[in-house]
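Down below is the structure, laid out as structure tokens.
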Amino acid sequence: MTGGTLFVECLKTQGVEVIFGLPGNHLDTVYEALYNNQDTIQHYVTRHEGGAAFMADGYARATGDVGVCMTVPGPGSNNASIGICEAYTACSPVLWITGQNPSQLSQKDPRKSFHGLDQAAAFAPMTKHVEIVHRGEQIPDAVNRAFRELRSGRPGPVLMELATDALQSDLDLPIPTMNNGIQTKASDNDIDAAVELIRASERPLIISGGGINHTRATNEGLEFAQLLNSPVAMTGMGKGSIPEDSPYSIGLFRDGVAQAAMKESDLLIAIGTRFTYRDTGNWSLNITQPLIHIEADTDEIHKEYPATVGIGANPKLVLQQLNTALLDEKLTCGWGDGLRQLHNQFISIEPPRILREMRDVMPRDAILSVDVNITGYGALSHFPTYSSGSYIFSGISVAMGIGLTAAIGAQVAYPNRKVVALCGDGGFLMSSPDLATAVMYDLPVVTIVMNDNQYTSIERGQLRRFGKRIGVELVNPDFVKFAESFGAIGLRVEDLEDFRPTLEKALALNKPVLVEVMK
């Protein structure tokens, strides 16, 4: 078989069913193999490599498993880098496949080569691991190592660069079995130390981070909260890790209810969180209580805040260990009725009208993909979610263009669930060509475009600082006609009284729909 066929067979063994990408000469043999394996791996042709990377990220976040994108080197990989950088900051397991010139040219100046770029040097800072394949016989082990990295510890994107001659070589090699990565448990001493702190605590507060979403540890987290009778606050990237209608939920850690609870607590238990700028107010947060920090990336322990007990291990497995250890403990938590009061304070907060009506109309298991826009900022606090992977946003790098494209990735993952993208006019136009991808594959994503003909969040900051607007005005198309030109359905809301029925109609159509909301 060719190296390209061997590579695709290795992907199949690793459970890959979907790839987002754009074809190119460097990867022709891979595409030939994909053509011959359409019954097992579906390839989705995108309109921009950045969109392909965002789609792979959306797929990964929605499923909790590896998302895959594929690009040509040079301009193709540079285009993809915005989505890869987003996946890196969000810790998404994205396999990024890219081609490269024949291996004998590897020592030549890339500035003189076709699609030339030293991709390892360019993209190592935004990937967890890099595999460079010069020879066909390297393919099986390289794929095996890539998936070990993707599925071990805290996830992150992995780059695989494949030389054309490696893909064209004639090979007969064994294919490795599925690599599920390395899952680490806590030591008995760490569990004992954590239990001792919990036993001495009266008002523990649990911080549920992105690691709960990555490991799909919601049930373990809820059992832990029940054993401690403790409130749970989510980090931004941890949104969805606990159902927000659970009696233990008190919303986002950065918001008022959780911050009030923190002042009353005598123990913080942070699970699967890195203490990012968003959650700590640019690290202005002052932690005076004892801290139990459970995090898959051992480098994060003590990095931002010193932990009284630091456990570098898989959050899901550690929670299982703690739950077993605490099951026979007769814990006496001091929150008492205060837990119910905290939850009631959280759920009593009135959301903005559009977000309230979106939540009322969208099914419980719907997936919301939020682009960078002023309405979307409020969704983090005011749009309740109930499961891991049901809320996608650019929480750290704040990358415009993620809304539609990540929604497409999520819709591919779950064709029978409702998927909605909430975009501003500026962010939508950054990835709008991939509306054609939704139409081409009949993906019923509903895209809401909040149209105010400007970069509103930037404008507000300028007005506060300078009292004037600087370069934020936009000239937009007629978004309804724009959507229709792709073959999608376009709807417009000029009066907010019409928003709810229009969204209900859009969801019922089961087609790609754009809803323009005039502001």
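Just so it is clear, none of the values below were taken in a lab; they were calculated from the coordinates. The structure displayed is predicted, hence computed values, not measured ones. Glycine also receives a Cβ, built like all others from the backbone with ideal geometry; neighbour counts cover every protein chain displayed.
If you add up the charges near Pro363, with Lys and Arg at +1 and Asp and Glu at -1, over every other residue whose beta carbon is less than 11 angstrom from its beta carbon, what do you get?
With Lys, Arg at +1 and Asp, Glu at -1, the neighbours total +2.
Return the distance in nm (one decimal) between the two label points of a simple spin-label model at Asp478 and Ile175, each offset 7 Å from Cα along Cα→Cβ.
In this crude label model, Asp478 to Ile175 measures out at 5.1 nm.
Given a cut-off of under 8 Å on Cα pairs at least six residues apart, what relative contact order in percent is computed for the range 257-362?
It rounds to 20 percent for the range 257-362.
Using the 10 angstrom Cβ neighbour count as an exposure proxy, how do Trp283, Trp335, Trp96 rank, fewest first?
So the residues, fewest neighbours to most, are Trp283, Trp335, Trp96.
Evaluate the charge dipole of the chain about its Cα centre and quote only its size in Debye, nearest 20, assuming +1 on the Cβ of each Lys and Arg and -1 on the Cβ of each Asp and Glu.
Rounded to the nearest 20 debye, it is 920 debye.
With a 10 Å Cβ neighbour count serving as the proxy for reagent exposure, in which order, fewest first, do Tyr248, Tyr377 appear?
So the ranking, lowest neighbour count to highest, is Tyr377, Tyr248.
Within a Cβ distance under 14 Å of Ile301, other residues only, what is the Lys/Arg minus Asp/Glu net charge?
-3
Percent relative contact order of the range 353-518, based on C-alpha pairs within less than 8 angstrom and at least six residues apart?
Rounded, it is 22 percent for the range 353-518.
Towards the positive end of the charge dipole of the chain, with charges on Cβ (+1 Lys, Arg; -1 Asp, Glu), say which of Thr385, Gly251, Gly424 has the farthest Cα.
The residue sitting farthest along the positive end of the dipole is Gly424.
Ala508 to Arg145: extension gain in nm, 0.36 nm per residue of separation minus the Cα-Cα distance?
Full-extension gain reported as 126.3 nm.
Test of understanding: what is the full-extension gain from Gln104 to Asn282, defined as 0.36 nm times their sequence separation minus their Cα-Cα distance?
Roughly 59.3 nm would be gained on extension.
Can you put Cys69, Cys91, Cys333, Cys423 in order, fewest other beta carbons within 10 Å first?
Ascending Cβ contact count within 10 Å gives the list Cys333, Cys91, Cys423, Cys69.
Using only Cα atoms, locate the centre of the range 223-254 and the centre of the range 2-25, then give the distance between them in Å, rounded to an integer.
The range 223-254 and the range 2-25 have Cα centres separated by 39 Å.
How much net charge surrounds Ile470 when only the other residues with a Cβ under 13 Å from the Cβ of Ile470 are counted, with Lys and Arg +1 and Asp and Glu -1?
+3
For Leu327 and Lys468 in the same chain, what is the full-extension length gain: residue separation times 0.36 nm, less their Cα-Cα distance, in nm?
44.8 nm
Among (i) 23.7, 71; (ii) 37.4, 144; (iii) 24.8, 86, which one is Rg and Dmax of the Cα atoms in Å computed from these coordinates?
(i)
How about Lys316: which lysines have a C-alpha closer than 20 Å to its C-alpha, ignoring those fewer than 8 places off in the same chain?
Lys185, Lys239
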